[in-house]
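**Student:** Got a structure for you, questions after.
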Amino acid sequence: MTINILSIFPEMFESVFSASILGRAREQGLLDIRLTDIRPYSASKHKNTDDYPFGGGAGMVMMAQPIMDAMADVSAAYPGARRIYLGPRGKKLTTALARELALEKDLILLCGHYEGVDQRALDACVDEEISIGDYILTGGELAAMVLTDCVARFIPGVLGSSDSPEEESFSDGLLEYPQYTRPRELNGMEVPEVLLNGDHAKIRAWRRYQSLKATLLHRPDLLETAPLDEKDLKLLDEIRKEMNQICSSEN
Ligand code: 4G0
């Protein structure tokens, strides 16, 4: 897959996309990331990319012309690529959307700045707007990095063969269970006994219990949609009772 990114700050991406798992994926040719600087496309004398908003108001707006010309160049090289604008009014990025985007041959990501982009550029050369969450950033670059990282995990081969994107938080609709590594004892804090005995059925049950407990405690909304079986529902009842006991013994 090729992810093309259009930005006025292409240098922001270098270290994030060179380190760790994304760096390895690129070296292995599983993911091609290409940065296009929008500024050289500006037809204005000083290579401006922003201007005052018509109608007045605070801040600046990114000009349509440099974006449309940059997008035309990149789109011609990657016909059929899904063209995505990162912005706070977009459809929310979720695991399900990331999985869907990972199936695409190519993506083009447009990073906006200031108060956003001239609407005509969005109308003419963007297929969809995606938001990484309900907050405002100073630019779309960090949002593009988040989307790229999140999508890359679902490209076959990007995660080592032993880690699977299915085994992690949210993939089964629940929060993750606690993890431990060596040493077995650290400043008097022990690793839970059950993880040391090699009884894999017991370990699985303990982890499921911990996931259900964390979800009930921190994200009860997820329990409405998580696929739960009879055993999970019984465990949840137990956890609720335990939690009630703890609360009532405090009074
Ligand atoms: C468009 C994405 C882009 C409009 C980008 C700002 C948050 C996200 C930008 C604005 C971004 C996100 C209206 C200020 C650039 N901020 N949540 N900043 N406005 O995905």
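**Student:** Could you list, ordered by first residue, the pairs with Cβ atoms under 6 Å in which the first is in region 232-251 and open to solvent by 90 Å² or more (accessible area, probe 1.4 Å) and the second is modelled with pLDDT under 95 and part of a loop (DSSP other than H, G, I, E, B), at least 6 apart or interchain?
**Tutor:** Taking only residues 6 or more apart or on different chains, not a single pair turns up.
**Student:** For region 171-215, which positions are open to solvent by 90 Å² or more (accessible area, probe 1.4 Å) and either in a loop (DSSP other than H, G, I, E, B) or β-branched (Val, Ile, Thr) (or both)?
**Tutor:** 176, 179, 180, 181, 182, 184, 187, 197, listed by residue number.
**Student:** Considering only region 133-153, I want to know if a residue exists there that is open to solvent by 10 Å² or more (accessible area, probe 1.4 Å), in contact with a Leu (Cβ under 9 Å, 6 or more places away or on another chain) and more than 16 Å from the ligand (Cβ to nearest atom).
**Tutor:** yes
**Student:** Out of region 70-104, which residues are assigned to a loop (DSSP other than H, G, I, E, B) and either within 12 Å of the ligand (Cβ to nearest atom) or hydroxyl-bearing (Ser, Thr, Tyr) (or both)?
**Tutor:** Selection gives 78, 93, 94.
**Student:** Report the residue count in region 97-114 for those that are over 14 Å from residue 67 (Cα atoms) and surrounded by 14 or more Cβ atoms within 10 Å (Cβ to Cβ).
**Tutor:** Looking only at that region, the number is 9.
**Student:** Can you spot a residue in region 105-122 that is touching a residue at least 60 places away in the same chain (Cβ under 8 Å) and assigned to a helix (DSSP H, G or I)?
**Tutor:** No - not one qualifying residue is present in region 105-122.
The values are calculated or read from the model by the stated rules, or taken from the named source; none is laboratory data. Model, not experiment: these values are computed from the prediction. Note: ideal-geometry Cβ built from the backbone for every residue, glycine included; neighbour counts use all protein chains shown. What goes into the accessible areas is simple: the full protein's heavy atoms, side chains included, and nothing from ligands, DNA or RNA. Shrake-Rupley method; radii C 1.70, N 1.55, O 1.52, S 1.80 Å.
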